[in-house]
Amino acid sequence: MAKQVKDDTTHFGYRTVAAGEKADLVRGVFDSVASRYDIMNDLMSGGLHRLWKRYTINQAAVRPGHVVLDLAGGTGDLALAFAKRVGDEGHVVLADINAAMLEQGRKRLVDAGIADNTSIAQVDAQDLPFAEESFDVVTMAFGLRNVTDKDAALRSIYRTLKTGGKAMILEFSAPHKAIKPAYDLYSFKVLPTLGKFIARDAESYQYLAESIRVHPDQETLKAMMEEAGFERCRYDNLAGGIVALHIGYRI
């Protein structure tokens, strides 16, 4: 479980920083890696991130006519898949706080010929600018750990969900003890090296490895979702708990 820090401070990896500084620090990380984000994900996970996201997409079970928010949607891989499923009567909002990542997502949607049923919004997950009960499904893949106030983000997601709507948080989590030593070795030795040679940025990938370790574990995040108002909360461990998909509903 993530160690608690004072209310006016937060984690940036293993560093404790002023809460107001984190957004800018995270923005710097993703400005640096945006153009190589997808290839780095493939290299870092051996392509497994595609399976984790496909599992999330299938569990979302979106239907024609649904309105979906892909929060922290980055380069748009989930948004593209959802846009194909909601059809002309539905709509998908690709949202992220980082302009450089959204530009990569916009290019993906344009290249795929997806435009009529999608829109792009630069937003802060902690204070979403959407009306109450706007979305049937809200997804957030590998973004919550970068948010300064995770409780505020969860409350904001809950507010924008329609009654009966579903929130899905896909995030790195706490792996089973048997694989933790190998996972730690990979995270702190291999990932920064890949970042150095592929993305030309070892420090950003060092941060990403550290940010996973201070993120709430499975049970803690489930409790946070329940505190935010979600009901029927559960999580599915993927890859031995390296990643978990948390699901909660607004009833």
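The values are calculated or read from the model by the stated rules, or taken from the named source; none is laboratory data. Predicted, not measured: the structure shown is a model, and the values here were computed from it. Quick reminder, even Gly has a Cβ in these numbers, built from the backbone with ideal geometry, and neighbours come from all protein chains shown. Please note that ligands, DNA and RNA were not included when accessible areas were found on the heavy atoms of the full protein model with its side chains. Shrake-Rupley method; radii C 1.70, N 1.55, O 1.52, S 1.80 Å.
Going by the conditions given, is LYS150 free of Cβ contacts under 8 Å to residues at least 24 places away in the same chain, under 29 Å from ASN237 (Cβ atoms) and open to solvent by 20 Å² or more (accessible area, probe 1.4 Å)? Before the answer, list the steps.
On the way: free of Cβ contacts under 8 Å to residues at least 24 places away in the same chain: no; under 29 Å from ASN237 (Cβ atoms): yes; open to solvent by 20 Å² or more (accessible area, probe 1.4 Å): yes.
For LYS150, the condition - free of Cβ contacts under 8 Å to residues at least 24 places away in the same chain, under 29 Å from ASN237 (Cβ atoms) and open to solvent by 20 Å² or more (accessible area, probe 1.4 Å) - is not met.
Filtered by the rule that a residue be in a helix (DSSP H, G or I) and either open to solvent by 20 Å² or more (accessible area, probe 1.4 Å) or out of contact with any Pro (no Cβ under 6 Å at 6 or more places or on another chain) (or both), segment 214-247 gives GLN218, GLU219, THR220, LEU221, LYS222, ALA223, MET224, MET225, GLU226, GLU227, ALA239, GLY240. GLY195 meets each of the listed conditions (1) modelled with pLDDT under 95; (2) within 21 Å of TRP52 (Cα to Cα); (3) buried (at least 18 other Cβ atoms within 10 Å of the Cβ) apart from (2). Please verify whether segment 160-182 includes one or more residues that are farther than 28 Å from ALA81 by Cα, at pLDDT 85 or above and hydroxyl-bearing (Ser, Thr, Tyr). Taking every residue of segment 160-182 in turn, none turns out to be farther than 28 Å from ALA81 by Cα, at pLDDT 85 or above and hydroxyl-bearing (Ser, Thr, Tyr). Just one residue in the set ILE39, ILE57 is modelled with pLDDT of 85 or more and not hydroxyl-bearing (Ser, Thr, Tyr); that residue is ILE57. For ALA115, the test of being at pLDDT 95 or above and not acidic (Asp, Glu) is failed.
Assessment of segment 190-213 against the conditions (under 21 Å from HIS66 (Cα atoms), touching a residue at least 12 places away in the same chain (Cβ under 8 Å) and in a helix (DSSP H, G or I)) yields no matching residue. Criterion applied to SER134, SER119, SER45 was being hydroxyl-bearing (Ser, Thr, Tyr), in contact with a Phe, Trp or Tyr (Cβ under 9 Å, 6 or more places away or on another chain) and surrounded by fewer than 22 Cβ atoms within 10 Å (Cβ to Cβ), and the one residue passing it is SER45. Here ARG250, ARG159 are screened, and the one residue that is basic (Lys, Arg), surrounded by 15 or more Cβ atoms within 10 Å (Cβ to Cβ), within 24 Å of VAL62 (Cβ to Cβ) and touching an Asp or Glu at 6+ places or on another chain (Cβ under 6 Å) is ARG159. So which residues in segment 157-188 are in contact with a helix residue (DSSP H, G or I) (Cβ under 8 Å, 6 or more places away or on another chain) and assigned to a helix (DSSP H, G or I), if there are any at all? Of everything in segment 157-188, those that are in contact with a helix residue (DSSP H, G or I) (Cβ under 8 Å, 6 or more places away or on another chain) and assigned to a helix (DSSP H, G or I) turn out to be ILE157, ALA178, ILE179, SER187, PHE188. When both residues are 6+ apart or on different chains and their Cβ atoms are under 8 Å apart, which pairs have a first residue that lies in segment 48-62 and is under 20 Å from LEU161 (Cβ atoms), and a second that is in a helix (DSSP H, G or I) and open to solvent by less than 60 Å² (accessible area, probe 1.4 Å)? These pairs meet every condition: THR56/LEU78; ILE57/LEU78; ILE57/ALA81; ILE57/PHE82; ALA60/PHE82; VAL62/PHE82; VAL62/VAL86.
Determine, yes or no, whether ILE179 is open to solvent by less than 40 Å² (accessible area, probe 1.4 Å), touching a residue at least 60 places away in the same chain (Cβ under 8 Å) and β-branched (Val, Ile, Thr). No.
Just so you know, in segment 101-116 the residues that are buried (at least 18 other Cβ atoms within 10 Å of the Cβ) and touching a residue at least 40 places away in the same chain (Cβ under 8 Å) include one that is nearest to ALA23 (Cα to Cα), and it is MET101.
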